[in-house]
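The values are calculated or read from the model by the stated rules, or taken from the named source; none is laboratory data. From a predicted model like this one, the values you see are computed outputs, not experimental measurements. Cβ sites come from the backbone with ideal geometry, for glycine too, and all protein chains shown count toward neighbours. Heads up: the accessible areas ignore ligands, DNA and RNA and are worked out on the full protein's heavy atoms, side chains in. Shrake-Rupley method; radii C 1.70, N 1.55, O 1.52, S 1.80 Å.
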Amino acid sequence: MRLITHNMLQCHVKACPPGQSYPLQIRNAELEALDAEFNADFVRRLIPKLDWKVLRSTAFELGVAQLPEECPAEPTEDDLQMIHKVALQTRVKEAEMVCSGCGHVYPIKDGVPNMLLQDHEI
Amino acid sequence: MDSLPKEKLEHVHVHNVYNIIAPHFSATRYKPWPIVDNFLSGLDKGSIGADVGCGNGKYLGVNPDVFTVGSDRSDKLIDIVRERGFEAMVCDNLRLPYRDSCFDFITSIAVIHHMSSPERRLMAINELIRVLKPGGHLLIFVWAFEQESRSKRRFSEQDVFVPWKMPKAIYGPASSQPNTAVAEDGGDVVYQRYYHLFREGELEEMVRQSPDAMVEACGYDRDNWYVIASKK
C-alpha cells in the first residue's frame, strides 16, 4: 500500500462512531521504497486531490519526511519530488491499520491491505 | 439455488470459486475491451480512481497517466495483481473502505452481476457512487441476458449458474476447501459461478435510482450492458 492509497482509506465497520473512522493509524510498519518514475506534471495535478493534513501526519509518524504545514500553492520542483517520494514511492509492506474510532485492526501483508469485515461488523 | 441464503450463495458460488480458479481465470483474461480502454484513456492526467472488482488487474495499467487502486473480494486474484506490481487491496464492494467523494473515476467491470439480490446489487452500485467525487465518472459493465446471435450461450432465466471448467492435467484435482460446490466432467474440474444476467435497461434503471448519479451513456457491447454515469 502506497501512502496515496492510505489517504483514501477509512474504517467501514457499521458501529464505528461517525467522524472518527478516518484516517486509520498505521502501527508496526515495515516500509519499502518503490521505484516509481517521477513525473512533475502528474504530481502537480495530484496534489489538490490529497488530504494534505493526513498525508503530512502519516509521513511524519512513519519517519518518511517532514512535509510543510500547508500544502504548497505553487510547488517547486523540490516540493514535487518530495510529494512523489512520500505519496507514490513509499510503500507499507507489513503493518496494522487501527481505527481510532472503534479500534478495528486491518492487517497489511506483503503490501496488500485486507479490508474485509466479519458479517456481524457490516 | 434459492435454498442458500444470499451471503452463503455468493460465498460458495462467487468468492470461493474465484479463489480456486484464480490462476486459470487470470490466464484467460487478456482480450481488450474497447469501451473500457476508451473510458480509461479519456481520463484527465493525474486522476485518482478505483477499479472495484479488478480481477487479475487487467485494466490497472491501461492509462499510465492516472493512479488506480485495484480491489477484489478474492485474495487469490489480488495476489496476482500484487505480483504484477499494481496497487491492490482485498475488500468488499458492498461496503467499500474508502472515504466519501475521494475518487475521480470508478470502474466496475463484470462485478455487479455476481451480487445475488436486487438490494445487494443496488447497495454495491450506491457504494461506487458514494466514493466518487462530484463531477467524477463511473463505468459499470454487467453480463446481458440478451446474448448476441453468435454467442454459444442461451439463458432461460436471469439467475443462473455458469460452469467454469479447469483442466485437471494443468491445475490438479478438485479443491477440498470448505463451502465449495464441485463436480468433475472428464478431464475437467467444474465449479459453478453464480450470475444475475441483466435485461436491457435494468442496470441503467438501478443507477438512475441514485439521486446523485446522472447517466451519460449506456449501451450493449459483446454480450454485456454498460452504463457511464457521472456524480452530481
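Please give the calculated 222 nm ellipticity per residue for chain B, where each DSSP H segment of at least 4 residues contributes -39500 (n - 2.57) and the sum is spread over every residue; nearest 500 deg cm²/dmol?
-7000 deg cm²/dmol
Return the long-range amide H neighbours of residue B:136 (sequence gap of 5 or more, or a different chain), with a cut-off of under 5 Å between placed amide H atoms.
Distant-sequence amide H within range of residue B:136: B:231.
Just to be sure I understand the model, the point goes 7 Å from the Cα along the line to the Cβ. What's the resulting residue B:216 to residue B:4 distance in nm?
Each label point is offset 7 Å from its Cα along the Cβ direction, giving 3.7 nm.
May I ask you to rank A:110, B:188, B:72, A:119 by accessible area, largest first, using a 1.4 Å probe over the protein chains only?
Highest to lowest solvent-accessible surface, that is A:119, A:110, B:188, B:72.
Using the C-alpha atoms of the protein assembly as shown, what convex hull volume per residue, in cubic angstrom, is computed?
Output value, Cα hull per residue: 148 Å³.
Considering all alpha-carbon pairs of the stretch A:3-121, what whole percent are spaced by more than 16 angstrom?
Result for the distance tail: 61 percent.
Short version: ³J(HN,Hα) in whole Hz for each residue of the stretch A:98-107, in order, from phi by Karplus 6.51 cos²θ - 1.76 cosθ + 1.60 (θ = phi - 60°), x for Gly and Pro, what are they?
Taking θ as phi minus 60°, the curve returns 10, 7, 6, x, 10, x, 4, 10, 10, x Hz for the stretch A:98-107.
Just the isolated ones, please: cysteines in chain A lacking another cysteine beta carbon under 4.7 angstrom.
A:71
Hey, what do the phi angles of the stretch B:189-202 turn into as Karplus ³J(HN,Hα) couplings, whole Hz, using 6.51/-1.76/1.60 and θ = phi - 60°, x for Gly and Pro?
For the stretch B:189-202, the Karplus-derived couplings read 9, 10, 10, 9, 9, 7, 9, 9, 8, 7, 8, 3, x, 5 Hz, x marking Gly and Pro.
Taking θ = phi - 60°, what integer Hz values does the Karplus form 6.51 cos²θ - 1.76 cosθ + 1.60 yield along the stretch B:94-108, in sequence order, with x for Gly and Pro?
Couplings: 5, 8, 7, x, 10, 6, 4, 6, 10, 10, 7, 8, 9, 10, 9 Hz.
Using R₀ = 25 Å, calculate the FRET efficiency as 1/(1 + (r/R₀)^6) where r is the Cβ-Cβ separation of residue A:76 and residue B:44; round to 0.05. Write down the numbers at each step before the final one.
Values: r = 23 Å, r/R0 = 0.92.
In this case the efficiency is close to 0.60.
Dipole of the protein assembly as shown, Cα-centred, from +1 at each Lys and Arg C-beta and -1 at each Asp and Glu C-beta, to the nearest 20 debye?
On the way: 40 positive and 50 negative charges, 104 e Å.
That gives a dipole near 500 debye.
Can you list the residues, at least 5 places off or on another chain, whose amide H is less than 5 Å from the amide H of residue A:31, using H built in the peptide plane?
Amide H to amide H, under 5 Å and 5 or more residues apart or across chains, residue A:31 pairs with A:93.
Give the calculated FRET efficiency between residue A:100 and residue B:155 to the nearest 0.05, with a Förster radius of 41 Å applied to their Cβ-Cβ distance.
Approximately 0.25, to the nearest 0.05.
So what's the net charge close to residue B:24: Lys and Arg +1, Asp and Glu -1, counting the other residues with Cβ under 12 Å from its Cβ?
+3
With the contact rule set at Cα under 8 Å and sequence spacing of 6 or more, what percent relative contact order holds for chain B?
Over chain B, the number comes to 20 percent.
Among the listed pairs A:85/B:133; A:14/A:85; B:6/B:168; A:109/B:31; A:85/A:109, give every one whose C-alpha distance is greater than 32 Å.
Those over the limit are A:14/A:85.
List the residues, sorted by chain then number, that are 5 or more residues from residue B:88 or on another chain and whose placed amide H is less than 5 Å from its amide H.
Distant-sequence amide H within range of residue B:88: B:70.
With runs of 4+ DSSP H residues as the only contributors, calculate the mean residue ellipticity of chain A at 222 nm using -39,500 (n - 2.57) per run, divided by the residue total and rounded to the nearest 500.
Per the formula, -5500 deg cm²/dmol.
Could you point to the residue in B:176, B:42, B:195 farthest towards the positive end of chain B's charge dipole, with +1 and -1 charges on the Cβ of Lys/Arg and Asp/Glu respectively?
B:176
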